[in-house]
1. In debye, nearest 20, what is the charge dipole magnitude of the chain about its Cα centre with +1 on Lys and Arg Cβ and -1 on Asp and Glu Cβ, if you could check?
2. Which angle from 0 to 90°, rounded to the nearest 10, does the C-alpha axis of helix 120-136 make with the longest principal axis of the chain?
3. If you fit an axis through the alpha-carbon atoms of helix 31-59 and take the longest principal axis of the Cα set of the chain, what angle between them do you get, 0 to 90°, nearest 10?
4. In degrees from 0 to 90, rounded to the nearest 10, what is the angle of the helix 2-13 Cα long axis to the longest principal axis of the chain?
5. Which aspartates and glutamates have a Cα lying under 20 Å from the Cα of Lys79, excluding residues fewer than 8 positions away in the same chain?
6. Straight-line reach only, C-alpha to C-alpha below 23 angstrom: list the lysines that Lys42 could link to, leaving out same-chain residues fewer than 8 apart.
7. For the chain, what relative contact order do you get, as a whole percent, if you take Cα pairs closer than 8 Å and at least 6 residues apart?
8. Mind checking the alpha-carbon convex hull of region 17-136 and giving the volume per residue in Å³?
Amino acid sequence: MIERLSDAKQQIDFGHASFTQWIANDFLESESFHSHINRLVKELEKRRDQIVNSLQFYLEEQVEFSIPQGGIHLWCRIKKDFNEMQLLEESIKRGVIYVPGSTMGSQKGFVRFTFAREDKESIHEGIKKFAEALNSL
């Protein structure tokens, strides 16, 4: 009997918990959702501005980038020739992890920084350490 009821439940809700879907739907339709999204957008803008300011402060002449108008990543082109794996290793030694552009299919010389998960102080410190790693090559 349990097997048959379990099978019937999966056929009805495709294996997803209906109760949590109802809760998510209520939140998505509520005013709280819109204020939550607005708060997230403002926080991401602050973090984006921090990474831009830190890149300009520590690496102004060595990099170029466009300021993203949305999203959670900033693509940066490093002007000097460098070994991608050596730069990544030096950065990791300093506690900084980023995505080398070649792993994402870009041309040589690009890196992708993600700024969504870190606070402003950590972003500033991370770019400082990345600059140290780049300058050590």
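Where a number appears in this text, it was derived from the coordinates with a stated rule and is not lab data. All figures in this text were calculated on a predicted structure; none of them were measured in a lab. Positions of Cβ are backbone-derived with ideal geometry, glycine not excepted, and every protein chain shown enters the neighbour counts.
1. That gives a dipole near 320 debye.
2. So the inclination is approximately 40 degrees.
3. 20 degrees
4. 60 degrees
5. Answer for Lys79, where 20 Å is the Cα cut-off: Glu60, Glu61, Glu64, Glu89, Glu90, Glu132, listed by chain and number.
6. Lys120
7. Worked out over the chain, it gives 25 percent.
8. 137 Å³
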